[in-house]
Structure formats: C-alpha cells, structure tokens
Amino acid sequence: MLDADPLAVVSGDLDHKPELPILLDLLAEPEENLGAATLQRWVRAAGPAGTPIDLLLTRDFAAFENALAVLSARGFVIRGN
C-alpha cells in the first residue's frame, strides 16, 4: 500500500512518502471513537464502497477517505446474509 519495502516502514525511512502520516491522521479519530479492534474488523469488511483494505491496496485514497466518512456517520454496521 505504501509502495515501500518493509525495512523502510519499520525503520521509519518514509520521509518521501506522505501517505503514512496522512493515513494515521485519518484513522486517529475513528480509532479513538470505535477502538482499534473495531477498525481491524472494519478494514476487512465489505461496505458500500467495497472493502477498505482493497481501497488502500489499489491506492484509492479518496475512496478510502469516503469509506471512513461513512464509518463515522453510520458506525460499523454488520449485516447478516
């Protein structure tokens, strides 16, 4: 998602990649309101715009930000089949 090797991520050598700080800022409020465990489930759950993790992997940051807005407005809604 960050288009960087794991060593660069772990070492924090991502000064040329603004995506990580922006992503962390975007996730700060939902994590505070919903908790980390809920975000971990949400990122892999299919929603109206698709699966949030897939949006990140395809680098569709605008759609991911919209999915976060829906999460903020509706909360994490689980539907049965």
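The values are calculated or read from the model by the stated rules, or taken from the named source; none is laboratory data. If you're wondering where the values come from, they're calculated on a predicted model, not measured in any experiment. FYI the Cβ positions are ideal-geometry reconstructions off the backbone, even for glycines, and counts take in every protein chain you see. Side chains included, ligands, DNA and RNA excluded: accessible areas come from the protein's heavy atoms. Shrake-Rupley method; radii C 1.70, N 1.55, O 1.52, S 1.80 Å.
Listed values, structure above:
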quantity	calculated
Residue in region 42-49 that is of a type in the set (Phe, Trp, Tyr), out of contact with any Gly (no Cβ under 8 Å at 6 or more places or on another chain) and part of a loop (DSSP other than H, G, I, E, B) present	no
Residues of region 50-81 satisfying the condition of being closer than 14 Å to Glu19 by Cβ and not in a helix (DSSP H, G or I)	Thr58, Arg59, Asp60
In region 30-61, the residues that are open to solvent by 80 Å² or more (accessible area, probe 1.4 Å) and aliphatic (A, V, I, L, M)	Ala46, Leu57
Residue satisfying all of: in region 17-29; more than 17 Å from Asn66 (Cβ to Cβ) and open to solvent by 60 Å² or more (accessible area, probe 1.4 Å); modelled with the highest pLDDT among these	Leu24
